[in-house]
Amino acid sequence: MGAIPLGFLSLYGYVQLKRKSRRYSNSLIHFTAQDQLEHLSMDLEHLLFLTSKDKSTCIYYLNKGQVDQKLLRGSLRYFEAQLENFPVQRCHLSYLVNLTQVRFVGGHADGLKLYLRNVDDPIPVSNKYRSAISSSLQTLSE
């Protein structure tokens, strides 16, 4: 019984996010590795999420409809600074997520999870970032 209203709210939130994400369509993102040797550019609508891997960051994005990834040298914090003008936000110590790609938010007592379009595994949200993520998703959906 409680699942129906929650499902409806998730669907409503998705529709609202979809409307707001149009505001960022045609927004080009340029990533530059910390050593300045590698570059990656894409439309915001293709960016899914970033995660840290050792002293590098793995960028997950859509390439011709398929999820692709590129490893660039640099910390997650370094790339976070490059994305400050976009709706991409830290949700966990090891993750940055494109908020316009969020399909719905789920979770239980063990924590929130973000479910993204075209991504099978949910992205964890740590308690530290929970309220900031909720607030940003709320703002995007207004």
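Computed from the coordinates by the stated procedures, all read-outs in this text should not be read as laboratory data. Everything numeric here is computed off the predicted structure, so don't read it as measured data. Cβ atoms come from the backbone with ideal geometry, glycine included; neighbour counts cover every protein chain shown.
In order along the stretch 77-83, phi translates into HN-Hα couplings of 4, 4, 6, 4, 5, 6, 10 Hz, rounded to whole numbers, per the Karplus curve 6.51 cos²θ - 1.76 cosθ + 1.60 with θ = phi - 60° and x for Gly and Pro. Dividing the convex hull volume of the alpha-carbon atoms in the stretch 53-142 by its residue count gives 113 Å³ per residue. Taking other Cβ atoms within 10 Å as a rough exposure proxy, L83, L37, L99 sort from fewest to most as L37, L83, L99. Computing FRET efficiency as 1/(1 + (r/R0)^6) for D35 and D121, where r is the C-beta to C-beta distance and R0 is 35 Å, gives about 0.75.
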